[in-house]
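Working notes for the structure below.
The values are calculated or read from the model by the stated rules, or taken from the named source; none is laboratory data. Bear in mind the structure is a predicted one, so any value in this text is a computation, not a measurement. Here the Cβ positions follow ideal geometry from the backbone for every residue, glycine too, while neighbour counts run over all protein chains shown. Please note that ligands, DNA and RNA were not included when accessible areas were found on the heavy atoms of the full protein model with its side chains. Shrake-Rupley method; radii C 1.70, N 1.55, O 1.52, S 1.80 Å.
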Amino acid sequence: MPRVVVVGSVAIDEVVELRQALRAGLHLDGRPRGPRVGGGAANTAIPLAYAGHEVTVVSCAGTDPDGSRILARLSGAGVDVSQVVRRPGPSTRSLVLLEPDGERTVVNLHRCREDGPPRRLRALPADVVYVRSRELDLAPLLAERLDGCLVVAHVPPSGPLVRPAHVLVASSSDLRDDERSAPWETGRRAAGEALRWVVVTHGPGGAEALSAERRLHVPAREVVAVDSTGAGDVFAAGLVHALAGGAPMETALATAVAWGTAAVECGGIPAREKVRALP
């Protein structure tokens, strides 16, 4: 199977299940659901490993018990954690407020960061490099990988040449109005001439993929939403899975929508057996 390197955060998510929709100024009732391993890199790497890929995570975790728990979860799923560095202090931690309809709000409480860009990315063997990070210092490293493997990256950030990549992925809710109205132009500005596709997710509206000449759309299957946390990351995992296998974008987009929808329906990363049964 293809070798996939995933760059991004690994974290502990403290989940609180709200009994009412989140609105400013209200006193809300909630029920703690407890901590779980999350973060964009973890949520993408685990389903890719379940699908049989050789997955390595490039990230940072603290020296606290949370960091050990994160590494154990990833290793247990079959993810290579040799490139997750340990930093003195606490691991990344977030508060996830889960509404009754499955929508979520994420509050970052602490971020565990490296001192500089992960230069070890240069030497890691990979067929695909996927980046789920808002760090701005990754551009030179990604530019070096463009000729040797497929580079897929998430935006934002979306400034000039901050994400050299062949494929960019974005949630429409993360884009400004001007970016949402011109996704290809936004992607080209961020990725440069190497860009082949910009993929934009629209939640229950499915997803679309745009190139300089084409625009594709795949609707989402209607489901009862349990928890949308990490669904975009599982979507990206499905996209990477298909593209790494040589699928055209038409097939890859449909696969990604199916994976993301499964995540919303089951309330997180689908089980190994469920992932292997997906397209």
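Here is how the numbers come out for the structure above:
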read-out	value
Considering residues of region 22-53 that are over 22 Å from the mean Cα position of the chain (by Cα) and under 26 Å from residue 156 (Cβ atoms) only, the residue surrounded by the fewest Cβ atoms within 10 Å (Cβ to Cβ)	24
First in region 186-206 and open to solvent by 10 Å² or more (accessible area, probe 1.4 Å), second anywhere and among the β-branched types (Val, Ile, Thr), Cβ under 6 Å, 6 or more apart	197/167
Those residues of region 195-224 which are more than 17 Å from the chain's Cα centre (by Cα) and at positive phi, in sequence order	none
The one condition in (1) outside any loop (DSSP other than H, G, I, E, B); (2) without any contact (Cβ under 8 Å) to a residue 60 or more places away in the chain; (3) not basic (Lys, Arg) that residue 164 fails to fulfil	(1)
Per-region count, region 12-21, residues open to solvent by less than 20 Å² (accessible area, probe 1.4 Å) and basic (Lys, Arg)	0
Qualifying positions in region 193-218 - assigned to a strand (DSSP E or B) and of a type in the set (Gly, Ala, Ser)	207, 209
Options 94, 82, 68: the member that is within 18 Å of the chain's Cα centre (by Cα) and surrounded by fewer than 24 Cβ atoms within 10 Å (Cβ to Cβ)	94
Residue count, region 258-272 (criterion: part of a helix (DSSP H, G or I) and either open to solvent by 10 Å² or more (accessible area, probe 1.4 Å) or touching a Phe, Trp or Tyr at 6+ places or on another chain (Cβ under 7 Å) (or both))	8
Candidate set: region 72-99, residues that are of a type in the set (Ser, Thr, Tyr) and in contact with a Ser or Thr (Cβ under 8 Å, 6 or more places away or on another chain); chosen: the one nearest to residue 114 (Cα to Cα)	92
Test: residue in region 117-128 that is within 19 Å of residue 15 (Cα to Cα) and crowded, with 17+ Cβ neighbours inside 10 Å	no
Filtered residue count, region 97-108, keeping only those that are touching a residue at least 60 places away in the same chain (Cβ under 8 Å) and open to solvent by 70 Å² or more (accessible area, probe 1.4 Å)	4
Filter result for residue 252 (of a type in the set (A, V, I, L, M), closer than 23 Å to residue 78 by Cβ, buried (at least 22 other Cβ atoms within 10 Å of the Cβ) and modelled with pLDDT of 95 or more)	yes
